[in-house]
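Visitor: Got a structure for you, questions after.
The values are calculated or read from the model by the stated rules, or taken from the named source; none is laboratory data. None of these values were measured; they are calculated from a predicted model. Quick reminder, even Gly has a Cβ in these numbers, built from the backbone with ideal geometry, and neighbours come from all protein chains shown.
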Amino acid sequence: MKPANSLLSSYGTTVFEVMSRLAIEHQAINLGQGFPDDRGPDPVLDAASAALYDPPNQYPPMMGVPELRQAVAAHNKRFYGIDVDWKTETMVSTGATEGLAACFLALIEPGDEVVVIEPLYDCYLPMIRRAGGIPKTVRLTPPHWTLDLDALAAAFSDRTKLIVLNNPQNPASKVFTRPELEAIAQLVSRHDAYAVCDEVYEHLAFDGRVHIPLMTLPGMRERCVRIGSAGKTFSLTGWKVGYLTAPEHLLQPISKAHQFLVFTTAPNLQRAVAFGLGQDDGYFDGLRDSMQAKRDRLSTALAGVGLEPAVCQGTYFLFVDAKRFLKPGEDDEGFCRRLVTEAGVAAVPVSAFYQDRATAPTDFIRFCFAKRDAVLDGAVERLARYLG
Ligand code: PMP
Ligand code: GLN
């Protein structure tokens, strides 16, 4: 029989799915795949439930229900001072993932170069490559995950169509600084490129750090697509409601991809997310503070068992250096498999976030701390017992 598409067939099942399956199989505590284990904010759940019984439940408008698009515009203004015309500059997507795919399909011509920063979220490369883009990777430098600005400049060329910027960054838990963003903005302008900004962790920047959308920098308003996700902002990852903000000249082609990919997203969930985005500051501050407290709880405890955590500036994730626990010849993936099967704790190997695993760092593993305190404590107890 004829083969399926060779590019996608060459990828295995995502590391998140693999680790979550292993966690179920071995009754392990799952600190691998990034999802919170609480049930989400009651007022947002109530709004979804009420909207379900308040028709229509038929196809909503392709660009999203007006109340969510208006809420996305208002959220941009409230948190970042960005003026947005909701009718021409916002679009709802089925999760940030679909929004990203729509951007890549719509903006990339086969042969265009796309600058990406490693370690990176796993859906970028296959989607960019399937769209015909040629990834140009720049690596953050451990252990502080600094951005080498010379290497970044060298990755840009006249063939660069866009850069993908994930800020705050999964899995390095980095929040880009203004000088770094200024350097990126200069390169984007100089090379007449665009930026697809994955900002799903926009409300999870810790220790007083401020999340700065690249879109707010001079010259960037016309060149950036900014993507958010209700999954992260309301701890409801299964809902898959994302939202895009972009100038009309970019959103137009992106909406063409969206119309053929999914066309639309569940209407009651959209209306609940509209409600959620309008909550007062207490909600957003509370989300950040509770995640920061979880980060502190897990990092202190992991350090206590000898798993030294890297600096975590934001997101759901903590990196640890596992070098001293690796057996001869064992890499991060082998160690994660051993932890899930023998210690009963699932984590994710960081080398999975690199295009070329052969040259990727293989000493680091990633834990998700978006879990109840008792779950975090239980995981550390198991690790302490296993690692001695
Ligand atoms: N981008 C990043 C950096 C992520 O970590 C995730 C994972 N949740 C997504 C995008 C996907 O978001 P969504 O679930 O809204 O598709
Ligand atoms: N974003 C989540 C993570 O980094 C996973 C999402 C997924 O499984 N696709 O763990």
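Visitor: What are the residues in region 212-252 that are within 16 Å of ligand 1 (Cβ to nearest atom) and surrounded by fewer than 20 Cβ atoms within 10 Å (Cβ to Cβ), if any?
Guide: Those that are within 16 Å of ligand 1 (Cβ to nearest atom) and surrounded by fewer than 20 Cβ atoms within 10 Å (Cβ to Cβ): Thr237, Gly238, Lys240.
Visitor: Restricting to region 31-60, count the residues that are under 24 Å from Gly286 (Cα atoms) and outside any loop (DSSP other than H, G, I, E, B).
Guide: So the answer is 8.
Matching residues to (1) on the phi > 0 side of the Ramachandran plot; (2) more than 16 Å from ligand 1 (Cβ to nearest atom):
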residue	(1), (2)
Asn5	no, yes
Tyr11	no, yes
Met19	no, no
Phe35	no, no
Gly40	yes, no
Val72	no, no
Cys103	no, no
Asp112	no, yes
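Visitor: Condition first: more than 16 Å from ligand 1 (Cβ to nearest atom) and not in a loop (DSSP other than H, G, I, E, B). Now tell me which residues in region 309-327 satisfy that.
Guide: Matches in region 309-327: Pro309, Val320, Asp321, Lys323, Arg324, Phe325.
Visitor: Do we have any residue at all in region 190-209 that's farther than 25 Å from Arg129 by Cβ, away from ligand 2 (no atom under 16 Å from the Cβ) and β-branched (Val, Ile, Thr)?
Guide: no
Visitor: Among the residues of region 165-197, which ones are touching a residue at least 60 places away in the same chain (Cβ under 8 Å) and within 16 Å of ligand 1 (Cβ to nearest atom)?
Guide: Within region 165-197, Pro168, Gln169, Asn170, Pro171, Ala172, Ser173, Lys174, Val175, Val196 qualify.
Visitor: Of (1) in a helix (DSSP H, G or I); (2) touching a strand residue (DSSP E or B) at 6+ places or on another chain (Cβ under 8 Å); (3) surrounded by fewer than 19 Cβ atoms within 10 Å (Cβ to Cβ), Met19 satisfies all except one. Which?
Guide: (3)
Visitor: Residue check, Ser351 against (1) in contact with a helix residue (DSSP H, G or I) (Cβ under 6 Å, 6 or more places away or on another chain); (2) over 17 Å from Ser20 (Cβ atoms); (3) part of a strand (DSSP E or B), all met but one. Which one?
Guide: If we test Ser351 against (1) in contact with a helix residue (DSSP H, G or I) (Cβ under 6 Å, 6 or more places away or on another chain); (2) over 17 Å from Ser20 (Cβ atoms); (3) part of a strand (DSSP E or B), just (3) comes out false.
Visitor: Let me ask another. Can we say Lys256 is outside any loop (DSSP other than H, G, I, E, B) and surrounded by 22 or more Cβ atoms within 10 Å (Cβ to Cβ)?
Guide: No.
Visitor: Give me the pairs: first residue in region 322-335 and under 20 Å from Pro143 (Cα atoms) and in contact (Cβ under 8 Å) with a residue 24 or more places away in the chain, second residue in a helix (DSSP H, G or I) and of a type in the set (Asp, Glu), beta-carbon distance under 8 Å, and six or more apart or on different chains, which are they?
Guide: Ala322/Asp332; Leu326/Asp332
Visitor: Take the residues of region 338-371 that are modelled with pLDDT of 95 or more and charged (D, E, K, R): which is farthest from the chain's Cα centre (by Cα)?
Guide: Across region 338-371, the extreme among qualifying residues is Glu342.
Rundown of residues vs (1) more than 16 Å from ligand 2 (Cβ to nearest atom); (2) within 20 Å of Asn30 (Cβ to Cβ), yes/no style:
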residue	(1), (2)
Pro309	yes, yes
Phe317	no, yes
Lys323	yes, no
Pro328	yes, no
Asp331	yes, no
Ala346	no, yes
Val350	no, yes
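Visitor: Search region 356-388 for residues being in a loop (DSSP other than H, G, I, E, B) and within 16 Å of ligand 1 (Cβ to nearest atom), and hand back the single one that is surrounded by the most Cβ atoms within 10 Å (Cβ to Cβ).
Guide: Top of the filtered list is Phe369.
Visitor: Now for a different question. Return only the number of the condition from (1) in contact with a helix residue (DSSP H, G or I) (Cβ under 8 Å, 6 or more places away or on another chain); (2) without any contact (Cβ under 8 Å) to a residue 24 or more places away in the chain; (3) not hydrophobic (A, V, I, L, M, F, W, C) that Asp122 does not satisfy.
Guide: (2)
Visitor: Any residue in region 229-242 that is on the phi < 0 side of the Ramachandran plot sitting within a Cβ distance under 7 Å of a residue that is among the basic types (Lys, Arg) and near ligand 1 (Cβ under 6 Å from one of its atoms)? List the pairs, counting only those 6 or more apart or interchain.
Guide: Pairs found: Gly231/Lys240.
Visitor: Taking the conditions exactly as written (in a loop (DSSP other than H, G, I, E, B) and either closer than 18 Å to Phe35 by Cα or not basic (Lys, Arg) (or both)), does Thr264 satisfy them or not?
Guide: Answer is yes for this residue.
Visitor: Then there's this: Can you pull out the residues in region 79-98 that are within 16 Å of ligand 2 (Cβ to nearest atom), at negative phi and either touching a helix residue (DSSP H, G or I) at 6+ places or on another chain (Cβ under 6 Å) or part of a helix (DSSP H, G or I) (or both)?
Guide: Hits for region 79-98 are Ser93, Ala96, Thr97, Glu98.
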